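Right, one structure below, let's go through it.
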């Protein structure tokens, strides 16, 4: 049901062709689509019914994310469902922004990581004091086009979650262009006014849980992306002829296609199972382990499927004219976001050891 | 020249068929073959001419080791050239055992590693005092059939190299059966009389260098083994028919064969280059790095080639009747000995870092 | 007679688990080799008394009559406790064949003897020239009076040296236009002058496989199952359950468990590179199990499995091989050593696992053949 | 005129290195893209004045006349210093073609213009239906009076939008019994109404490749090189040196160097798993270089290279891809970011390297085609 309606919505809007147009325009997203998605209940899928959502759970969110991935839609579905609503529904479910996010009338990006001197991730030092933010945040997905930012910062009272409007004074946004045409944001705050939404240990807990949600949903998005990339490639090798027959009749091409097919099926089964298990699991560490399982698998499959798809397309796969390159580029971005497969294998193993030691 | 004479010698003696017979008999080696090899100068290949050898160097030793590998000969060529003569020619080139080793009238195994409580390698604790050895040594290749043991032990004067005769009192030998029909030895000494050959830091240096030699030669042996395993497989897929044509006419089989072929060529080139560079290199650390490069490559190639060869043979590859299984089994033993590919990649990287830091 | 299918899954699982844990002989758990019948006879007697020899057979023929859901639970528990499958070619292959295609006389005569293991069966499919290309088989059976006269050779016949009977595919019409035609299903006694069995030694020294030579061996015409020359279609019809069975995660899961205890004992987890490769293998098995579950659910819903079930076998056998390769790596300098390696109070036979994993990508239709099948039947690729 | 071949290898290397280091413009070192001629013209002028534009051509035609050994040194130094190859299709492809198969008139007219870059060439081989299967090409050239009239389409024509001339394979006899027959080698001017060039945008947004459309384009009959309908054999004869060039370790070595400085800057070497994968990649490149050296030695000894040289290309392009994949991994959360990433005082454009590596397994005969060739020509496999 959910899958069919999401698929219909995206296909009717133009499928991956729409995504290509948005990329060629300015790399942003489509406000009308945001509203349509909101009307279909997409953003509120994991929000309790009492707060205006569908109250369904992460597995249902995964179904939607898969459909987003299939058409490589640029709208911030995972950012909203996983991160911004993931934080607000846990920390301040009655805040007015909840309704706006669920209703698609606002988009908030979430900023919690910081860049260190060697360019990689570092300890967070961004401060919140006297209602004002000072410091910087990196790798903010959805920053361009967002109406505001949910920022996790330090304060005298410990960690806080604050809300800064996009147009707030002392806020600057540097754009870092991404392979898929989107932009990642680096935020700087110098005495930027911001509203405190929550504080204390609950903020860290909610952040960890929201990041797990977003990680698992990004995995689902990669599963949908891989699924469609493989379909496109399968169609291509059935029709493209060389040596007077379809290249898909060569055994080497056939076996490679089979390997990609098996990989996407394993990824789909594994990621869906992980999301379903997260829905029946309260322990944040176990949820993080399940999210790592999902992302490790999805990234591995998506990398292999999109890269091999280019090879199977041959020279045309390397052109912008064919859609398969869009899938490769989107896979690059989604793989890097929230940790790649090597990173999540490490997280998964460490979590498993910790659980084993605790028993 | 060297290659041709070694190959002729082994082929005339029965090639891999001879090796199979020895395995089926008792897993030992052939004393006549040892003598023939000695007459051909094999054991003295790296021994200076002044000490009765050919004075040629490690690359020449590698040529011989490749031929040993091609017929999976069980004779302790690498043990003798790399380890026992590797130690003696560096520490006591005038000792009477030198001539016997070069002449093939004696075989000495070298014992320096020890097994820890968890079954893996551990700090060495074997002691030499008052002319007697106490302790134990593990992973002694060529122990069964050796006339004596060169043992590296601790003493009040620091590390020593001592010689214990195989029949010495208080020496016991436990055999650990290997995949290729050979046996690895675990030695225990309780007051075993032994002759001191050398002491001091020179012992550790010579040991490190001899282990590098043996490691590189074992790599060459694996190269020869891989080369022959691939030839056998290539012949097989040209003749074995399924679906009314040779299986080697299926594209998937062809491409896999090509990949194995490329792998063996890369391995051969890389290992030969590493050995040649070791010959013009005095720094023991750089020699160790080159040996690690060789073994890492050779093990990786041999594992892949022998395992895929079984698959390409299909069911018959899994039988003892076909020679290819002998190559798989020998590759298992040679890969485990002196460190596998993962181990040597680590050693290689660490050595490279150290050289970089020293510059 | 108990209607097992009427039980809840949980109840049934408890029942099966309870019986295995209480009754299965400890010394037979997780047997590393295929046993001869004599070695497991005492267990077979217990199982027979319980009426549990043939879980999949309809109750009217002496089976448990389990539906697919219950059957999976039964096998899961069997694997979990390390219960040997016994000499089950009769149960798994011949019995279903006779039940589906046999005459009333064949059912009455053969089925009780299978259940009691009075007859012990082996399977004669592969031949030296007919492995991946099974339809190429050449062993002939010619009618002479009331008998078939069999000439030819079978190979890879598992445990033929401990079997009383063989069920085989034979060529009964050498002139059929396609080689898949003219093949029949025949039962034959092994204990006769025209049958010679030679064991095959594998590269690890095991002797589970045999060659079987037929030199004017004989079997009554009554031992033809199904129609003459229709054996190929029947053989394919038998494969449905086999295909998910061969793709079950159990072998890989067991190997992973062994790898983990061995690696822990040896300290291999101190190495982050090893941890990464272990994690990859463990996730490969975990995600395979999720996919397996999807197919098992299909069976449980009473659906027939399509050709895509082959992907389970491809994935899991290659996982299994990688896991055993990691065991060798974890063994370090002992990686070439035959027999159990002790770590703490665990014994792990690293090479035995490695060898066991090797032929899994060859037998049951090699992984290359499975990829051919998926390519055509599932992906619809041409040629 | 200097006889470079008479120099020792070391002397010659010193000479070449000295010239590049002294004269090559710093801003053109290690250019990440293929330049238009205008961008490198000032360098070309220097090179031309020195007489070094065509290292492989015989001295009588204005080349350096280098033998294989010296030529390899020249290219090694070029790559080492990051000297751009320039718009060298004329030098590498057309010149040797004309020298080997051209008439005296063709030599006199074209060769000086190639050296001076008065003419800038592009290569018209591939077509939409003739990529891996090049002999399938359909672009026709029909004789009308003193001219060939060309109709059809070429694709993947590198830098056609910055070329004055195209050398192309065209079909001159559509009725030839085998498609490899009836193909000819033709030179044609680009600046005419019947020729239309469209750039192709790649997935990374580059526009180095073009489509070239011919609609009754014309070229004099005198621009046929070699015999009519013998173009296929000539094209193959040109490939010998190309085949080792495309398998040279330089791309992978450069990428490895970039990976190392990037990984060091980002602290990726703190992770033992990354170290292991880096070590594997580095050893893959090192051992490839050893194999490359074996083939280079063959050339230096004056031997012709066999089909087995293809293995260099297979190995090194796949290495190159793995190295750039490791760069993305080392970039962590920046792995999807376009443009240079700063680490310390180094800038590494991770995605540019990744994109550059992608088509290397496709162009120059895809790696699948190379494997087909090796399988048949080197391993002697049937069918």
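Readers should treat all values here as calculations from the given coordinates under stated rules, not as data from a laboratory. Keep in mind it's a predicted model, so treat the numbers as computed, not measured. Note that each Cβ is placed from the backbone with ideal geometry, even for glycine, and that neighbours are counted across all protein chains shown.
Assorted remarks:
- Summary for residue D:237: label point 7 Å along Cα→Cβ; distances to the equivalent points in the other copies, ascending, 6.6 nm.
- Its Cα gyration tensor gives the range C:244-354 an equivalent ellipsoid. The semi-axes, each the square root of 5 times an eigenvalue, are 31, 13, 11 Å from largest down.
- For the range A:110-199, the Rg and Dmax computed from alpha carbons only, in angstrom: 12.5, 40
- Between 0 and 90°, nearest 10: helix D:272-300 axis offset from chain D longest Cα axis: 40
- Footprinting exposure proxy for D:44, C:42 (fewest neighbouring C-beta atoms within 10 Å first): C:42, D:44
- Backbone N within the range B:109-132 under 12 Å of label point (7 Å from residue B:353 Cα along the Cβ vector): none
- Cα convex hull of the range D:121-229 - mean projected area over all directions, nm²: 6.7
- Full extension of the chain between residue B:156 and residue B:35 yields a length gain of 39.7 nm, computed as 0.36 nm times the residue separation minus the alpha carbon distance.
- Each peptide among B:350-356, A:266-272 gets the average number of other Cβ atoms lying within 10 Å of its residues, and from highest to lowest they stand as A:266-272, B:350-356.
- Residue order, fewest to most surrounding Cβ atoms within 10 angstrom, among B:150, B:37, A:171: A:171, B:37, B:150
- Summarising the strand pairing of the range B:110-199, around 90 percent of its internal DSSP beta bridges are antiparallel.
- More than 18 Å apart - percent of Cα-Cα pairs taken over the range C:224-303: 59
- Taking the average, over residues, of other Cβ atoms within 10 Å as the packing measure, peptides C:32-39, C:326-333 rank C:326-333, C:32-39 from highest down.
- Convex hull volume per residue in cubic angstrom - Cα atoms of the range C:75-150: 154
- Kirkwood-type hydrodynamic radius, the protein assembly as shown: 35.9 Å, calculated from all non-identical alpha-carbon pairs.
- Here the extension length gained between residue A:130 and residue A:202 equals 23.9 nm, from 0.36 nm per residue of separation less the Cα-Cα distance.
- Shown for residue B:118: label points 7 Å from Cα along the beta-carbon vector, and their distances to the equivalent points in the other copies, 2.7 nm in ascending order.
- In chain A, the beta carbon lying closest to the axis that superposes A onto B belongs to the residue given here with its whole-angstrom distance, A:251, 2.
- Label-point spacing at residue D:113 relative to the other copies reads 9.3 nm, in ascending order, each point sitting 7 Å out from Cα along Cα→Cβ.
- Here the Debye sum runs over all C-alpha atoms of the range D:1-101 as equal scatterers in vacuum, and log10 of I(q)/I(0) at q = 0.11, 0.13, 0.15, 0.21 Å⁻¹ comes out as -0.32, -0.45, -0.61, -1.20.
- C-alpha center-to-center spacing [the range C:75-147, the range D:268-286] in angstrom: 52
- Taking label positions 7 Å along the Cα-Cβ direction at both residue C:175 and residue B:283, the computed distance is 8.2 nm, reported to one decimal.
- Share, in percent, of DSSP beta bridges within the protein assembly as shown that are antiparallel, nearest 5: 85
- Cα pair distances in the range B:92-144, grouped into 5 Å bins until the bin that holds the longest one, percent each: 4, 16, 18, 19, 20, 14, 7, 3, 0
- Normalised per residue, the volume of the convex hull around the Cα set of the range A:1-106 (Å³): 82
- Looking at chain B, the pairs of alpha carbons with a distance over 35 Å make up 22% of the total.
- Ranked by how many other Cβ atoms sit within 10 Å of their own Cβ, fewest first, the residues D:320, D:214 fall in the order D:214, D:320.
- Tilt relative to chain A, helix A:2-13 - C-alpha long axis, 0 to 90 degrees, to 10: 80
- Counting every pair of alpha carbons in chain D, the share spaced more than 41 Å apart comes to 15 percent.
- Taking label points 7 Å from Cα along the Cα-to-Cβ direction, residue D:14 and residue D:228 give a separation of 5.7 nm.
- Take every Cα pair under 8 Å whose residues are at least 6 apart in sequence, average their separation, divide by the length of chain B, and the relative contact order is 16 percent.
- Size descriptors for the range A:203-358: radius of gyration and Dmax over Cα atoms are 17.7, 63 Å.
- DSSP bridge orientation in the range D:121-229 - percent antiparallel, rounded to nearest 5: 85
- Scanning chain C for the Cβ atom closest to the axis that brings C onto D yields residue and whole-Å distance C:272, 2.
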